[in-house]
Amino acid sequence: MYFHFLKSSLMEVTLMKKMILLLSLLALLALPVAASGPATDADQLWEYITKVDPYNKWENWPDHKGMQEGVAPHGPLHEVFVNTAGLKKAGWPKTDGTIVVKENFSPDKKLAAITVMYKRKGYNPEAGDWYWVKYSPDGKAAKAGKPAGCIGCHSARAEMDYIMVSDH
Ligand code: HEC
């Protein structure tokens, strides 16, 4: 009787162990999805940077605080924000999952456009794996993906991971 009890509780323990193993396996499988951020899709990325992890709560680019003067084609004034993944390490290339959001203003400081670079491993290995979007202030994508214009100009800084604003 005692042995029978022992045996069945041992079996229960084994079953529990199996279940725990299975659950941790499932958790591991789910992890990459959670960690990899939004898809390379303009609407999903907009949802992400405005609701899931709002960019206006991020840090500015480290040596580029607040509103700064810029050059064409982005307009005379801008502010650059970078997410936690992007701040993880200084230098190049930036970490997978880095998102850089640049608010572009007109001379009278009205928000004119929002340009975004989102680094997603495997998306475009020939050009730093960046996904590019230009949004209107209300989140409509005017350009998205691998626009030749964005990549062509930013390629001048290919050795700095296509980042123009900073040497850091
Ligand atoms: C003719 C050159 C040129 C083109 C075309 C261009 N950019 Fe830029 N971009 C710049 C410069 C220069 C900066 C540095 C900030 C400034 O002066 O405005 C910059 C900065 C940025 C930044 C801030 C991070 C960084 O690289 O410094 C983002 C994000 C960005 N651009 C996105 C885009 C997107 C998206 C497009 C295409 C829709 C685009 N850019 C097209 C020249 C260009």
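Each value in this text was obtained by applying a stated rule to the coordinates, not by laboratory testing. This is a predicted model, so every value here is computed, not measured.
Points worth noting:
- The amide H of Y131, built 1.01 Å from its N in the peptide plane, has Y118, K119, R120 as neighbours under 5 Å, considering only residues 5 or more places off or on other chains.
- The amide H of A113, built 1.01 Å from its N in the peptide plane, has N104 as neighbours under 5 Å, considering only residues 5 or more places off or on other chains.
- Set of aspartates and glutamates with alpha-carbon distance to K57 below 14 Å, sequence-local pairs under 8 removed: E79, E103
- Kirkwood hydrodynamic radius of segment 42-160, from the reciprocal of the average inverse Cα-Cα distance over all distinct pairs: 14.5 Å.
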